[in-house]
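The values are calculated or read from the model by the stated rules, or taken from the named source; none is laboratory data. If you're wondering where the values come from, they're calculated on a predicted model, not measured in any experiment. Cβ atoms come from the backbone with ideal geometry, glycine included; neighbour counts cover every protein chain shown. The area values use the complete protein model at the heavy-atom level, side chains included, leaving out ligands, DNA and RNA. Shrake-Rupley method; radii C 1.70, N 1.55, O 1.52, S 1.80 Å.
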Amino acid sequence: MEVLGAVSAAFPMVIFLANGVLGHLKVLNRGGKSSVKANETVEELKKRFSTFQASIKEEEKRRGGSSSNTNGSTYLSEDFVKQIRDLAFEIEDALDEFLFHVPHHSHNSRTRQYQNAVNGLSSQRKKIVQNMETLLGPKLHKDRLKGDISGTIGEAEYLKTDQMLEDDEIVGYKKLRKDLVNQLIKGDGDQDHSKRATIQVVGPGGSGKTFLVKNVYQKRKVEECFDCRAWIRVTQSFKLEELLLDILKQFCSARDEQILRELVGNTQQKLQRYLQSRKYLLVLDDVWNRQSYTPIANSLPNNSRSRIIITTRRYDVVDKSNYTHKIDGMSKEEAWDLFSRHAFHGTTSEGKLCPEDLKESAEKIIEKCDLFPLHVAVVGNLLSKKLQCKIYWENCCKSLGSDIRHSSLPVINLVLQPSFMDLPDYLKNCFLYFGVFPEGYSIRRRRLIRSWLAEGFVEERTGKTLEEVAEAYLNELIERNLVQVSESTVDGKVRSCKVIRLYHDFIIWLSRKANFVTVINQMNTTTIVQGGERVRRLSFHNVSPQFSDIPESAKRCVRAFFIFGQQEVSRKKSALQHFGLLKVLDLQGVPAVHNFGLEEHVGRFLLLRCLNLRQTNIEKLPSIIKNLTLLETVDLRNTLVKKLPKWIYQLTKLRHLLVSCVDSEDDASSTSNSCDGCDAKGVKVYHGNIGVWSSLQKLSLMKVINDKKFIKDLGRLSQLVKLGLADLKSEFGTDLCKSIEKMKNLSTFDVRAMENEYLDLDEMENPPNHVQRLYLSGRLILNRLPRWLSSRSLLSLVKVVLKRSKLDASQNPFEGLETLPSLMELKMVDYYTGKRLVFKAKTFKNLKKLHIEQFDQLTEMTVENEAMTSLEKLTIWKCKNLNPFPCSYSLGHLEELNVDEMKDEFISNVKRRRELGELHGQILIEGN
């Protein structure tokens, strides 16, 4: 079953590829038999595979759904599932091979190369159709299916996982337990007590939701508060009538059996009548979706002071709950206590029962469990039966997920497998893609999305860009608690994300069985490639890449290649030689990237869509890249590339062209990701036919070379959402404003003036309405901010960064900024030369982050009444003449105060306030 879940994700990939090939043929089509034959062949493959997919899913559905039965067997045998997977790969390879051999420059469809490609595809079609018919033959219903139809994971296995925690006196979630009890018994002042309240407890599988709620449910004072109670586990395939009957029976105690017999009507009517004047508590455990919850809730009366508690892995199950609690894991102390109970059969929370030589390994093991109760308990129970030896525990930490899967209680399968199978097919590939990245690795959202796009995982949706659809995919994975947010932007968008460590082990295991990704790491330094296996994605984790163990035939099928870790790479000119069908080449942060022989081989990757060489020492783009006409992303940020070649305009399908240069290899290898905090410079770009980039979404950071025409032509990039320009001259200002006004979708605008030049941006009458982030670096014309900054149309502007403006004391430095309704982050560096900075009353109401740096003349900073009432983080650096804040300005509301290179009196004042208890948040004092 696990393999089938991953294989089902390959189905939409084949359809996507077929549509892509048909689109490419439409561009190439100039008539002729070959063109007609190619279209007919691809259409037939698409149609036949769609029928095949529907047949497999229908058979699976008929036999009980894509899940395992109580015995752990699968409805489709592994051998048969492997054949389905291989068929999907076979079609994918055939379509990609066809695209690879189709001429990408010539529009003459009668060329010999084109005819050979069509003949090759036609030959493959016959073999594929034959294999498909064999798989759908009479034996489908006999030899290749096994197992009964007894539903999803059995109650017995769920009881085992519950028992592991319930045998303990409850550990952890003390405050949350207290809050839940109060909400059940008292509610709060804002609640309408005439109606039922809904409490939602949300968390990933294994986070302890059921464990927590059951502890509260069983408390005597909770029991005494309600006339009747019921606890129901909501399976994915429940029948409403049976479930309502179960609820009714639990609500009716033994003394009410006579009343139950006397109730008339269907089950829902009986529930309504029985509960009409009763205060009830219903727990719905493990609710999967809104379609499951809504009919149950609607079957019950909305009684005064009654309560429904639901535990769920998703945030979108209830339209509007009265209370929502997010489960993120226990504290480290609580996790130690629970671990000790199982590993050492003790009750200490300080780890005293743990032998000294095992403490370091134990801490790593607990961390790998992400502080989730079920994970900690299962691992502790597993280790209690093993030798208490340091070497063994260290090895166990490295292979923890595998050890759990092979233990008597495969907890990861139990808690994650249902979540994975519940995913729609289009999300399964996206989730499995996290296996490409190392365990615990925090992945930048945009890097992940660009890889998804290049792989073809993202479907087109009317009215949305592909990037917006991909973001919706990621958000859905987060809502399902399969992916965690590592870092957010100030306005709550995902900046980076990751999967729970043990979930990562599950993904790697599943990906290996489904041949989705092959990972080479310190535990596995040689590739395990079986004869005839196709390596789809290859990822090296913190080891020097070795290619000798991978057959050439396997390399040919690799679609994505990643390297992680600052590993020195010896010269391997032929390393990438045979990766012909590559679509993603990601060497971000790899030192000596030239050792891979990019100049010799990158031109062979005719299907390449994403080229990420960020933070590498590459100095120029190999000219052969101009042949890669399918490229959508070129990322050269923080490299040694100082200018783009003139042929860059031949890459007509670009969606993201991201470049910036640094002065040295050390700077290139820097992991800084802050677009406003690094010393990266713009990259020269020559004027060309910029209109060919009709799909371009992001263009940054370009250094304009005395070319007004380039600035004027920017207005042709109507789809642009991000624009970054460097070394701008003031004479270009008017033309730039006119171009910007045509970019209706622009979200991020970053413009930096040339040294000793001014930014002249005052001529913009209608700035784009959707601008969210604005970066201005350089002296400002008329010594003030542009007039349009106070425009009522800038309702979405959440972040503003202002550098090197040097406004003099006669100007109001905040004119146009203080009334921006959505401004949440303001960063100013060398922006103002006055001695006094005043935040007027009732201004900057939504500002959360304020950064002030290098205000050399500043001596006094005044915050008037009700200004910056939402401020959470304040950073003040290199303002060496600034006097301490007056006592009238309280800093107690700050979550973080960061000061650096300030005068001693200012630092002493901050320290004194901290000692007096006025400062409660994090205090960072540096450079003093």
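Below are the figures for this structure:
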{"quantity": "FRET E, pair Ser253, Lys219, Förster distance 22 Å, beta-carbon r, rounded to 0.05", "calculated": "0.75"}
{"quantity": "³J(HN,Hα) computed for each position of segment 875-880 - Karplus, 6.51 cos²θ - 1.76 cosθ + 1.60, integer Hz, glycine/proline x", "calculated": "10, 10, 10, 6, 9, 6"}
{"quantity": "Mean separation of Cα contacts under 8 Å, 6 or more apart, over the residue count of segment 770-874: relative contact order %", "calculated": "23 percent"}
{"quantity": "For Trp509, solvent-accessible area (1.4 Å; no DNA, RNA or ligand), Å²", "calculated": "50 Å²"}
{"quantity": "Pairs beyond 31 Å (Cα-Cα), from Lys209/Lys464; Lys46/Lys653; Lys493/Lys555; Lys744/Lys840; Lys643/Lys799", "calculated": "Lys209/Lys464; Lys493/Lys555; Lys744/Lys840"}
{"quantity": "17 Å cut-off, amide nitrogen to a point 7 angstrom out along Leu924 Cα→Cβ, residues in segment 878-897", "calculated": "878-879, 894-897"}
{"quantity": "Residue-wise HN-Hα coupling along segment 814-828, computed from phi with Karplus coefficients 6.51, -1.76, 1.60 (Hz; x: Gly, Pro)", "calculated": "10, 4, x, 8, 5, 10, 5, x, 10, 5, 10, 9, 10, 10, 10"}
{"quantity": "Heavy atoms of Glu468: accessible area, 1.4 Å probe, square angstrom to 10", "calculated": "90 Å²"}
{"quantity": "Residue-normalised accessible area of segment 173-326, expressed per residue, 1.4 Å probe, Å²", "calculated": "48 Å²"}
{"quantity": "Pairwise centroid distance, computed over Cα atoms, of segment 883-928 with segment 836-875, Å", "calculated": "14 Å"}
{"quantity": "Rounded accessible area of His375 (nearest 10 Å², 1.4 Å probe)", "calculated": "0 Å²"}
{"quantity": "Assigned charges on the beta-carbon of Lys, Arg, Asp, Glu; segment 269-396 dipole about Cα centre (debye)", "calculated": "980 debye"}
{"quantity": "Estimated distance in nm for a label pair at Thr629 and Lys880, the labels positioned 7 Å out from Cα along Cα-to-Cβ", "calculated": "5.9 nm"}
{"quantity": "Shape of segment 667-816, Cα gyration tensor, a/c cut at 1.5", "calculated": "rounded"}
{"quantity": "Accessible surface, 1.4 Å probe, highest first, among residues Ile508, Ile391", "calculated": "Ile391, Ile508"}
{"quantity": "Percent breakdown of C-alpha pair distances by 5 Å bin, ordered from the shortest bin, for segment 427-502", "calculated": "3, 16, 29, 27, 16, 6, 1, 0"}
{"quantity": "Efficiency of FRET from Cβ geometry, Glu895 and Asn131, R₀ 51 Å, rounded to 0.05", "calculated": "0.25"}
{"quantity": "Amide H within-cut-off set for Ser486, under 5 Å, with H built and near neighbours excluded", "calculated": "Ser496, Cys497, Lys498"}
{"quantity": "Gain in span if fully extended, Val181 to Ser888, counting 0.36 nm per residue against the direct Cα distance", "calculated": "250.5 nm"}
{"quantity": "Distance in nm between pseudo-label sites at Ser384 and Ser50 (7 Å out along the Cβ direction from Cα)", "calculated": "5.6 nm"}
{"quantity": "For segment 713-725, 3J(HN,Hα) per residue [Karplus equation, 6.51 cos²θ - 1.76 cosθ + 1.60, θ = phi - 60°, Hz, x = Gly/Pro]", "calculated": "6, 4, x, 6, 8, 6, 8, 4, 10, 9, 9, x, 10"}
{"quantity": "Solvent exposure, largest accessible area first (probe 1.4 Å, DNA, RNA and ligands not counted), of Thr652, Thr462, Thr843", "calculated": "Thr462, Thr652, Thr843"}
{"quantity": "Asn865-Ser194 FRET efficiency (beta carbon distance; Förster radius 60 Å; 0.05 resolution)", "calculated": "0.90"}
{"quantity": "Cut-off 19 Å, label 7 Å out along Cα→Cβ of Ala809, residues of segment 860-883 by amide N", "calculated": "860-863, 879-883"}
{"quantity": "Segment 427-502 - percent relative contact order, Cα under 8 Å, separation 6 or more", "calculated": "35 percent"}
{"quantity": "Label zone at Lys239 (point 7 Å along Cα-to-Cβ), backbone N below 13 Å, segment 275-306", "calculated": "none"}
{"quantity": "Heavy-atom accessible area order for Met868, Met754, largest first, 1.4 Å probe", "calculated": "Met754, Met868"}
{"quantity": "log₁₀ of I(q)/I(0) at q = 0.17, 0.18, 0.20 Å⁻¹ - segment 173-326, Debye sum with one point per alpha carbon", "calculated": "-1.00, -1.12, -1.38"}
{"quantity": "Cut-off under 5 Å, modelled amide H: who pairs with Cys557 long-range", "calculated": "Val535"}
